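Everything on this sheet refers to the single structure shown next.
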Amino acid sequence: MFTYMKYKEDFIKDFEEESIVKWLTGERKGSRTEEIISWRNSIPYLYAVLRDERISDRVLVGLEYEIDNNLNNRVDVMIGGYNKRGRRTIIIIEMKQWSDIKCTKNRIRNRFNCDIINPSLQVLSYCYQIENMINNPDTFDFVPVVYFHNQLKEECEKTLFDLMEPYRTNTQLKSLLDLWRNDKKTKPQTQDYLDGIMSDNKKMTRFSRRYYNYQQVLFFAGQIRELSSYIADILGGTDNTYLKKNKNDTFSELRKGQYYTNYKLHKYVPRCLNKSIPMDYTFSGNQKKCYENITKIVTDFLKGKKVSPLYIKGGPGSGKSVIAFMLLQEYASIASYYVPNKSVVNSYKNANINYIPDKNDIGTIFTQRTGTKRIVIIDELHRVKKDVFDEICKQNTRKDVLLIAFYDPKQRISRKDADLTAIKNMDPELKTQYRCCRDEGYVTWLEKIFEMYEVTPNINNYSFKKCDLDFNVEIIKSEQELKDKIEKRNNTLLVGPYFELKTRDRVGRLKISKWEPASPKKKSFIDNHWNNKTNYAGKVFDIQGIETDNIIVIIGPELRYSSQCGVYLDLDCETASALFGLRSKKGINDHKEELRTLIMNTYRVLLTRGLKNCYIYCCDKGLTTRLLNS
């Protein structure tokens, strides 16, 4: 996702109003001081380059694009438009503040005499990763550029150009690709791809033409005019007829609707486990590190070393279940799996999994003696009841049983669920977003706009809006619009706590046709939804732990908004009694904070089930207005 993306004319305006650096270093990133200084130093040079009148005002300027939602793998600048042949073209610019770089034994070193990554390799890898991420790469041209805005060209050693301008000869290009191939971070499939290129001169030539067709990579201090001309020549300048006739959609495949996973776990997992097919899942963000840390501890456990139970914390869509199932496949002969959600059990019922069938069997797993080491994997630990969790804590001291549990304390939705806020979780905490077009900013936006919790200053000061999200969120303004969305049959209807009681009567008041209050028992809600012509009003217990493409969430009248009180809870006694066991106004008032947290947790679960689109309908018009203005 982009941290900042606007047309060139808007970028120029934002710079002159001094708002860009504030945006880029906003609380969304939790930016460090050195990042703030870096952008303050680099943005003026980019402004000087782009204010050239030869560059069309309709080119797109994207800043800080996160590849695979990895904060350590992000592109500084992307300029998007159409070239003279009408092809969508992305110029990828790596901004470097280096002012004293040297070359020693084919290595690039900074003024502290430390090895640094070859910037030509860095920007080339960005081109390759983005090309392999989009759906139609053959319709794009990618242009890698490195801009040393503090380094004079005359001060660079000649050998640096041999390392950083690989398009000159195939020998120089092969040297760069070999460096890329042997990097520890390079994925196996990329290594195979590079091996194929380096073994064939014709492939090397085609590769060079693909990325180095414009025959320049490096620009230095004092070359603002040259870089401006370079961009104008590639993107056709102000007379570009393609930009005049068409909307600039260069970045469309990098944004809404394109960056979602194709995997729905309830369909994908049974196929892999039943046929012993390796789960072909590409880790993103810190998922890989988390999985490697777990397998390392499991290896120590199997060798007889003393290890502690593993508690892995992660938000909605962060990959908890993915890692759990990969561990199940890796250690199938010794691993048992337990999940308290019946919706998940029903969804994976046909998978070849060694289930712990019931919560009453949890204790026996730890107490029975088999003479072999065993692993117990518990998914959705936040839905385990208090007494069951107490039994787990009491019994998991056995040396021949290793507990691996995945949880999110903000998905506790019942007063009977165990409170896991005091658990010491294993590093790293899972944060990468798997659903919601993999938009990590979406959950932050939800927590902010619904005032879900006592938010941290980082979130409280965060000012980005719904329109800045990569995930498509639409607010439904009327009952007729809600009805139209539901009757399209490609959306899954989900309802909040208010509608869990007297569902047929309460949802029926919205005059929605073709729906039922609940799905048949012992069947997967999602599968039943798609296999029948009837829309079921899914509740949080039906959908927790599962994902689907498009969701419609109806927020009941228990959540309201006013300018004086903000988002507040207005729970009637009947609903509070049925769902939470509180039978009086006094009971509701005494437990108001707990009830508010549980209901906010419920909506946080419901609103994060979608992969592509989320449509929100609020019974309270004040809350609708707040969301429309967010």
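The values are calculated or read from the model by the stated rules, or taken from the named source; none is laboratory data. In this text the structure is predicted, and so the values were computed from the model without any measurement. Because the Cβ atoms are built from the backbone with ideal geometry, glycine has one as well, and the counts that use them run over all protein chains shown. Each accessible area value is taken on the protein alone, full model and side chains, heavy atoms only, with ligands, DNA and RNA left out. Shrake-Rupley method; radii C 1.70, N 1.55, O 1.52, S 1.80 Å.
Rundown of residues vs (1) more than 19 Å from Pro497 (Cα to Cα); (2) touching a Phe, Trp or Tyr at 6+ places or on another chain (Cβ under 7 Å); (3) among the basic types (Lys, Arg), yes/no style:
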{"position": "Gly545", "(1), (2), (3)": "no, no, no"}
{"position": "Ile554", "(1), (2), (3)": "no, yes, no"}
{"position": "Val567", "(1), (2), (3)": "no, yes, no"}
{"position": "Phe580", "(1), (2), (3)": "no, no, no"}
{"position": "Leu628", "(1), (2), (3)": "yes, no, no"}
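Of all residues in the stretch 567-582, one or more are assigned to a loop (DSSP other than H, G, I, E, B) and within 30 Å of Asp379 (Cα to Cα).
Per-residue answers, yes or no, for (1) modelled with pLDDT of 70 or more; (2) within 18 Å of Val49 (Cβ to Cβ):
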{"position": "Arg74", "(1), (2)": "yes, no"}
{"position": "Met78", "(1), (2)": "yes, yes"}
{"position": "Arg88", "(1), (2)": "yes, no"}
{"position": "Asn118", "(1), (2)": "yes, no"}
{"position": "Cys127", "(1), (2)": "yes, no"}
{"position": "Phe140", "(1), (2)": "yes, no"}
{"position": "Phe161", "(1), (2)": "no, no"}
{"position": "Lys174", "(1), (2)": "yes, no"}
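Within the stretch 308-334, residues that are open to solvent by 10 Å² or more (accessible area, probe 1.4 Å) have Cβ atoms under 8 Å from residues that are at pLDDT below 85 and among the acidic types (Asp, Glu) in these pairs: Lys313/Glu429, counting only partners at least 6 apart in sequence or on another chain. Residues in the stretch 204-233 that are under 19 Å from Ile130 (Cα atoms) and either in contact with a Pro (Cβ under 8 Å, 6 or more places away or on another chain) or assigned to a helix (DSSP H, G or I) (or both): Arg206, Phe207, Ser208, Arg209, Arg210, Tyr211, Tyr212, Val217. Tell me, which residue of the stretch 379-432 that is assigned to a loop (DSSP other than H, G, I, E, B) and among the polar types (S, T, N, Q) is nearest to Ser321 (Cα to Cα)? So the residue we want is Thr432. Can Asp408 be described as under 21 Å from Ser336 (Cα atoms) and either modelled with pLDDT of 70 or more or open to solvent by 70 Å² or more (accessible area, probe 1.4 Å) (or both)? Considered against the rule, which asks whether it is under 21 Å from Ser336 (Cα atoms) and either modelled with pLDDT of 70 or more or open to solvent by 70 Å² or more (accessible area, probe 1.4 Å) (or both), Asp408 comes out as yes. Residues in the stretch 188-236 that are touching a residue at least 40 places away in the same chain (Cβ under 8 Å) and β-branched (Val, Ile, Thr) were compared, and the one that is surrounded by the fewest Cβ atoms within 10 Å (Cβ to Cβ) is Thr190.
Sort through Arg225, Arg255, Arg210 and tell me the only one that's at pLDDT 80 or above and within 30 Å of Glu53 (Cα to Cα). It would help to see each step written out before you state the result.
Working: Arg255 fails: at pLDDT 80 or above; Arg210 fails: at pLDDT 80 or above.
Going through Arg225, Arg255, Arg210 in turn, just one is at pLDDT 80 or above and within 30 Å of Glu53 (Cα to Cα): Arg225.
Picking from residues in the stretch 43-65 that are of a type in the set (Gly, Ala, Ser) and over 27 Å from the mean Cα position of the chain (by Cα), the one that is surrounded by the most Cβ atoms within 10 Å (Cβ to Cβ) is Ser56. Consider the stretch 419-451 and keep the residues that are of a type outside the set (S, T, N, Q), open to solvent by 50 Å² or more (accessible area, probe 1.4 Å) and over 30 Å from Ser562 (Cα atoms). The one that is modelled with the lowest pLDDT is Asp427. The one condition from (1) open to solvent by less than 10 Å² (accessible area, probe 1.4 Å); (2) modelled with pLDDT under 75; (3) under 28 Å from Ser321 (Cβ atoms) that Val495 does not meet is (2).
If you check Cys290 against the conditions, is it assigned to a helix (DSSP H, G or I) and modelled with pLDDT under 85?
Numbers: assigned to a helix (DSSP H, G or I): yes; modelled with pLDDT under 85: no.
It is false that Cys290 is assigned to a helix (DSSP H, G or I) and modelled with pLDDT under 85.
Taken over the stretch 9-39, the criterion of being open to solvent by less than 50 Å² (accessible area, probe 1.4 Å), of a type in the set (Asp, Glu) and modelled with pLDDT of 70 or more is satisfied by Asp14 alone.
Filter the stretch 573-623 down to residues that are open to solvent by less than 10 Å² (accessible area, probe 1.4 Å) and over 25 Å from Pro409 (Cα atoms), then give me how many there are. Total meeting the criteria: 3. Restricting attention to the stretch 550-565, the residues that are open to solvent by 10 Å² or more (accessible area, probe 1.4 Å), assigned to a strand (DSSP E or B) and not hydroxyl-bearing (Ser, Thr, Tyr) add up to 2.
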